[in-house]
1. Counting only residues that are surrounded by 10 or more Cβ atoms within 10 Å (Cβ to Cβ) and among the aliphatic types (A, V, I, L, M), which one in segment 56-77 is modelled with the highest pLDDT?
2. If you go through segment 1-49 one residue at a time, how many are part of a loop (DSSP other than H, G, I, E, B) and among the polar types (S, T, N, Q)?
3. Tell me, which residue of segment 40-55 that is under 19 Å from GLU26 (Cα atoms) and not hydrophobic (A, V, I, L, M, F, W, C) is surrounded by the most Cβ atoms within 10 Å (Cβ to Cβ)?
Amino acid sequence: MVIEQKREVVDENHHVIALPIDWLSEITIVDTPGTNAIIRSHETITTQFVPRSDLVLFITSSDRPSQKVSVLLWSSFAIGVRRF
């Protein structure tokens, strides 16, 4: 089964990919740049977006887990987070 996707490039940092899957119409999935990035604007994008998110999946490398900068950053996000 081949699922056709629609891709829209808004700008170099913003691409929209749409798939014809019913339940996806109810959510938005965002892949932000990492923390501790070489390009400073990448970290800025992440730090501005994460506090507005309902769910965050933090994925880290198995060979460099929980770098201190990332742990401090995510700890600052955890203040005031809704817990279910």
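The values are calculated or read from the model by the stated rules, or taken from the named source; none is laboratory data. For clarity, every value in this text was computed on a predicted model and none was experimentally measured. Cβ coordinates were reconstructed from backbone atoms using ideal geometry, including for glycine residues, and neighbour counts include every protein chain displayed.
1. For segment 56-77, the residue satisfying everything is VAL56.
2. Qualifying residue count for the region: 6.
3. Per the stated criteria, the residue is SER53.
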